[in-house]
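Single-structure report; data block below.
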There are 2 protein chains.
Amino acid sequence: MQLIGTLKPTVMLLLCALSLAVQSAAMDSATLDKAAQLRDQALTSDQAYKLLESLTTEVGPRLAGSDKELEAIEWAKTKFREMGFDKVWTEPVKVKQWQRLSESAAVIAPFTQPLQISTLGHSVSTPPGGATGEIAHFATLEALEKASPGEVKDKIVFISNRMHRHKTGSGYGPAVRARGEGASIAGAMGAKALLIRSIGTDSHRLPHTGVLRYDEDKPKIAAAALSNPDADLLERMLERGNPVSLTVNIQTRDKGEVEVANVIGEIQGRTKPDEVVLLGAHLDSWDLGTGAVDDGAGVALTMAAANLIQDSLKQRPYRTIRVVLFAAEEVGLVGAKAYAAAHQDDMDKHIIGAESDFGAGPVWALSAKVGAQALPVIDSMAQLMGALGVVRSDSIASGGPDVGQMVKLGMPAVDLMQDGTDYFDLHHTADDTLDKVDPKALQQNLAAWTVFAYLAAQWPGSFR
Amino acid sequence: MQLIGTLKPTVMLLLCALSLAVQSAAMDSATLDKAAQLRDQALTSDQAYKLLESLTTEVGPRLAGSDKELEAIEWAKTKFREMGFDKVWTEPVKVKQWQRLSESAAVIAPFTQPLQISTLGHSVSTPPGGATGEIAHFATLEALEKASPGEVKDKIVFISNRMHRHKTGSGYGPAVRARGEGASIAGAMGAKALLIRSIGTDSHRLPHTGVLRYDEDKPKIAAAALSNPDADLLERMLERGNPVSLTVNIQTRDKGEVEVANVIGEIQGRTKPDEVVLLGAHLDSWDLGTGAVDDGAGVALTMAAANLIQDSLKQRPYRTIRVVLFAAEEVGLVGAKAYAAAHQDDMDKHIIGAESDFGAGPVWALSAKVGAQALPVIDSMAQLMGALGVVRSDSIASGGPDVGQMVKLGMPAVDLMQDGTDYFDLHHTADDTLDKVDPKALQQNLAAWTVFAYLAAQWPGSFR
């Protein structure tokens, strides 16, 4: 009271105006009640888990460009149809068909020990018998960039930077440069091959793969990630001060370009069928695990959220809810870029979007990138998600890697921010399997997604 | 007081006599003070960790009968000598030289997925192109034993029994029969190959190997363990009710018998050099990891305990402290049996023994198998270990797998019981690496071992 008493009359008027705006933008109570019902229903639904169980059991690994990605596309079309989605279709995506053939590494001096490695995605091969050489060790990619070519030429470069664990996954960005750019930087300096410490937070003998990017004008060398315990071992050997030599044999195949597809399923809007609320996830995975957390969980959640709204309501929501399962995310957001290119002319009909691609940890915060007039709706979403332990975050939503391609073209977005504390223990490893997913956390996610999708499809205003 | 008042005179006399016996059996306070000093010194010693770091970094995997086991034997001799042990020698042990060459498995129908397997130790090979067949699934070895041969013939048997987690490792015994005996039982019924769920408590894609035993009069078939997530996957496929087919390709080599050795280092007793306190551990490991918890920790602890007593005292204890690093434990206690055979005539000079072969978890209880007259000394040990969180257990000590061979011949023993809650997450996997060892827990172990070894060597009485 005292605070208001000290405010100037103009400020008070402004507050009143804002308050009215909030009321007019806010959802009607019947819609909010329905959203709360959907949320509570999601908390007892096993549909997302069943979809994830099916995808990981019946398809499993689905490397971009592989026959298994094609198999996953068929799986998704079938599931969309079985669930009774109003419209199901695919949109073509061209992607490089790269294959891991074999990989091995061993320390050969001054001690002898085998090492666990995983070839990085899109890596070339070493010579057929492998590459042998002394290690040139750098603590970071930046240290390699500052080295003289003499320190690196004819050596096997080892970059040992460690990824730090954080709920938001904020350790990933700084660490992952070594994976993306290391091979071209080391290759330009005459290295024979590149080994990096896995970009991951676990301590298991399961290396983390992930795509690399070659500069086309630089020599291409083979590259792999060591498991974190193997990287520790190499560091201990190097600490003894004597040269350490390795042999690395990586064989891969590039079978050229192949056509895969984004798979799309829609619940069509009752009154505004051309206005789209986009729920995104990616259908491809790495080849080592079964893609349960990356991104089977996202696939299952987005499909199940749309389906729950469809099955639980007597009428469709006003707007269309479109689930897009992107192709070939892991090798450069290929499907999302194809979608953005194909839909740039109807991007204004993409009312808002969100992506689930951070595992199956619970949602703990909701952030948005929307116009000021839509903020009360976001607040309503957050309030409904409060019962799930979700808070309203004031960070700006990115839309995620895939849906972010559409955000670049002006589409509003929310981020359903998940607890990713353990995500990078599993990410891109053989350990990305169904047993790592907590069914309860999946239900909590489903509840949050259902609230978002339903309110976004039911609120008549613009999020821009 | 009331209790004593009601006792008969004869009982009171007996109590007096016992009390005198306790006093004469108990340690003198100078010895107890010295033991407490040694214990506290151990808590700040990094020697066990340094030894373990050296063994896992400079030698690594040391499969029984391999060149790496020979390398480990050289490592141990060198370390004993560098630490100034009074006597260092080896005793020959003959062992089969078995080698893992390659292993792969995949589901081929009704779905297609690769599986992570590890060949069981001493397994024969499948035919060169592998074995292909439908799964015959049994929940337990007992269920397989009850099956009719028609259910098994020409199939690939899958036994899915789960090991349960317990601090004492009590889940191991019931589960491990499938690994030891499964191949001969399935082979006798005409199976093509055996796959078992890993005998382990983790959920990583790192299968647990371990030795199998063939009945010489039954057909030998190849056998491997699936990682636990892979076993889950197969079970989910089987739950769908349709036949599931696999291909399994296991290639191994048996290179015949080879000579390895037990490595022995002694701190010789000052007054009773022929009386031996035996500290045991095994030097061999499986080939997948670096043998940090199984049993590098035991090797490091027993060596460091004897060395700490030697380095910290002006005089040697009365009795000899003998560290025996057994060969080829993993493939049937081969080194321990050889030691027992070689030393059966001087077993009466083996005053007491103990073994460290349960990882690097903290010691939480002390049990003994000694004569009644020696119980007060065990109680003194337990009292001194109380400061380390150790309690006196009333269970009967076994001496462990290796030292137990000497207990069978009448040698008294104690068990320094460790918390093995996580031990079977790592046991016999590629994940058995140095990073899994907590240096603090290693120091706590060292302190307990030092108390035991010193008091056993310093107390003049018999433990029999």
Inset, instruction - Tell me, yes or no, whether the range A:67-86 has at least one residue that is within 30 Å of residue B:55 (Cα to Cα) and either without any contact (Cβ under 8 Å) to a residue 60 or more places away in the chain or hydrophobic (A, V, I, L, M, F, W, C) (or both). - result: no
Legend entry - residue B:274 being touching a residue at least 12 places away in the same chain (Cβ under 8 Å) and either out of contact with any helix residue (DSSP H, G or I) (no Cβ under 7 Å at 6 or more places or on another chain) or hydroxyl-bearing (Ser, Thr, Tyr) (or both): no
Inset, instruction - Tell me which of these residue B:435 doesn't satisfy, since it passes every other one: (1) within 14 Å of chain A (Cβ to nearest Cβ); (2) crowded, with 21+ Cβ neighbours inside 10 Å; (3) of a type in the set (Asp, Glu). - result: (2)
Legend entry - The listed residue being touching a helix residue (DSSP H, G or I) at 6+ places or on another chain (Cβ under 7 Å) and either crowded, with 21+ Cβ neighbours inside 10 Å or farther than 30 Å from residue B:273 by Cβ (or both), out of B:147, B:136: B:136
Inset, instruction - Considering every residue within the range A:301-319, establish whether at least one is closer than 30 Å to residue A:111 by Cβ, in contact (Cβ under 8 Å) with a residue 40 or more places away in the chain and not polar (S, T, N, Q). - result: no
Inset, instruction - Scan the range B:194-223 and report the pairs whose first residue is over 28 Å from residue B:168 (Cα atoms) and whose second residue is among the aromatic types (Phe, Trp, Tyr) and part of a loop (DSSP other than H, G, I, E, B), with Cβ atoms within less than 6 Å and a gap of 6+ or a chain change. - result: B:220/B:214
Legend entry - Selection count where residues are part of a loop (DSSP other than H, G, I, E, B), surrounded by fewer than 23 Cβ atoms within 10 Å (Cβ to Cβ) and either modelled with pLDDT under 95 or not acidic (Asp, Glu) (or both), scope the range B:438-464: 4
Inset, instruction - Considering only the range A:71-152, give the strands (runs of 3 or more DSSP E) lying wholly within it that have at least 2 residues that are of a type in the set (D, E, K, R) and within 17 Å of residue A:194 (Cβ to Cβ). - result: A:87-109
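To keep it simple, each residue is scored yes or no on (1) outside the structural domain of residue A:131 (by TED's automatic domain parsing); (2) at pLDDT below 95; (3) farther than 28 Å from residue B:51 by Cβ; (4) touching a strand residue (DSSP E or B) at 6+ places or on another chain (Cβ under 8 Å).
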site	(1), (2), (3), (4)
A:182	no, no, yes, yes
A:186	no, no, yes, yes
A:192	no, no, yes, yes
A:229	no, no, no, no
A:244	no, no, no, yes
A:247	no, no, yes, yes
Inset, instruction - Could you please find all residues in the range A:178-214 being surrounded by 18 or more Cβ atoms within 10 Å (Cβ to Cβ) and of a type in the set (Lys, Arg)? - result: A:179, A:192, A:197, A:205
Inset, instruction - Go through A:74, A:69, A:145, A:91 for me and flag whichever is closer than 26 Å to residue A:323 by Cβ, away from every other protein chain (no Cβ under 14 Å) and at pLDDT 95 or above. - result: A:91
Inset, instruction - Identify the residue in the range A:347-382 that is outside any helix (DSSP H, G or I), touching a residue at least 60 places away in the same chain (Cβ under 8 Å) and of a type in the set (D, E, K, R) and, among all such residues, is surrounded by the most Cβ atoms within 10 Å (Cβ to Cβ). - result: A:355
Inset, instruction - Being in contact with a helix residue (DSSP H, G or I) (Cβ under 8 Å, 6 or more places away or on another chain) and on the phi > 0 side of the Ramachandran plot is the filter here, so list the residues in the range B:309-351 that pass it. - result: B:328, B:333
Inset, instruction - Could you pull out the residue among B:296, B:256, B:265, B:332 that is crowded, with 24+ Cβ neighbours inside 10 Å and out of contact with any Phe, Trp or Tyr (no Cβ under 8 Å at 6 or more places or on another chain)? - result: B:296
Legend entry - Given (1) assigned to a strand (DSSP E or B); (2) hydrophobic (A, V, I, L, M, F, W, C); (3) within 11 Å of chain A (Cβ to nearest Cβ), number of the condition residue B:250 does not satisfy: (3)
Inset, instruction - Return the pairs, sorted by first residue and then second, in which the second residue is of a type in the set (Val, Ile, Thr) and outside any strand (DSSP E or B), the first residue lies in the range A:279-290 and is within 14 Å of another protein chain (Cβ to nearest Cβ), the beta carbons are less than 7 Å apart, and the residues are 6+ apart or on different chains. - result: A:286/A:209; A:288/A:209; A:288/A:429; A:289/A:429; A:289/A:433; A:290/A:56; A:290/A:433
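Going by the conditions given, is residue B:269 part of a strand (DSSP E or B) and either at pLDDT 95 or above or farther than 24 Å from residue B:339 by Cα (or both)?
Details: part of a strand (DSSP E or B): no; either at pLDDT 95 or above or farther than 24 Å from residue B:339 by Cα (or both): yes.
So residue B:269 does not fit the description; no.
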Inset, instruction - Just need a number here: residues in the range A:95-127 that are surrounded by 16 or more Cβ atoms within 10 Å (Cβ to Cβ) and either more than 14 Å from chain B (Cβ to nearest Cβ) or charged (D, E, K, R) (or both). - result: 14
Inset, instruction - Examine the range B:223-233 for a residue that is within 14 Å of chain A (Cβ to nearest Cβ), of a type in the set (Asp, Glu), surrounded by 23 or more Cβ atoms within 10 Å (Cβ to Cβ) and within 21 Å of residue B:137 (Cβ to Cβ), and state whether such a residue exists. - result: yes
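The values are calculated or read from the model by the stated rules, or taken from the named source; none is laboratory data. Since the structure is predicted, the reported quantities are computational estimates derived from the model, not experimental observations. Neighbour counts are summed over all protein chains in view; Cβ atoms, including those assigned to glycine, are modelled from backbone coordinates with ideal geometry.
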